[in-house]
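Notes follow the structure.
The values are calculated or read from the model by the stated rules, or taken from the named source; none is laboratory data. Bear in mind the structure is a predicted one, so any value in this text is a computation, not a measurement. Cβ placement follows ideal geometry from the backbone for every residue including glycine, while neighbour counts extend to all protein chains displayed. Remember, those area values only see protein heavy atoms, side chains included, never the ligands or the DNA or RNA. Shrake-Rupley method; radii C 1.70, N 1.55, O 1.52, S 1.80 Å.
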Amino acid sequence: MDEEIIAGVDLAWIGARNPTAIAVGKFQQGGVELLSVHGGLYGLEPVAAFLLGIEGLHGVAIDAPLVMSNESGMRECERKIGADYGKRKASCHASSLARFPQAEGVA
């Protein structure tokens with residue numbers, strides 16, 4: 001069986017100004033072994049090129065708002081995560097079309 005390689009992308013909110021990071025790992029019995037972490041990717045084209053260059057890539061997890069239709073405030077999913085995990089000091093940044101009219105996550 002081939003190694004099942006996966007990537008996790010922490011997509012920058014404003015990719016021209018802030019870098020995106022990508023972690024690459026492989027499935028192991030009971031979990032995932034981290035193989036490498038790559039940072040300093042600015043904009044969507046370098047991110048896509050990097051992902052396309054990973055040999056044996058089976059899947060990608062993306063930490064970014066991929067669907068944003070709310071004009072302002074928080075999306076319902078962001079509100080629910082804050083309600084469930086806020087006591088543990090974990091929540092989401094509010095994303096809206098007003099704050100990020102051309103969000104790279106959506107692109």
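Quick rundown of the values:
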{"item": "Subset of segment 48-79 (residues that are within 16 Å of A12 (Cβ to Cβ) and either hydroxyl-bearing (S, T, Y) or free of Cβ contacts under 8 Å to residues at least 12 places away in the same chain (or both))", "result": "A48, A49"}
{"item": "Of residues in segment 1-17 being of a type outside the set (A, V, I, L, M) and open to solvent by less than 60 Å² (accessible area, probe 1.4 Å), the one farthest from E55 (Cα to Cα)", "result": "G15"}
{"item": "Filter result (of a type in the set (S, T, N, Q) and open to solvent by less than 70 Å² (accessible area, probe 1.4 Å)) within segment 60-107", "result": "N70, S95, S96"}
{"item": "Residue ID - nearest to C92 (Cα to Cα), chosen from residues in segment 28-59 that are open to solvent by 70 Å² or more (accessible area, probe 1.4 Å) and in contact with a strand residue (DSSP E or B) (Cβ under 7 Å, 6 or more places away or on another chain)", "result": "V37"}
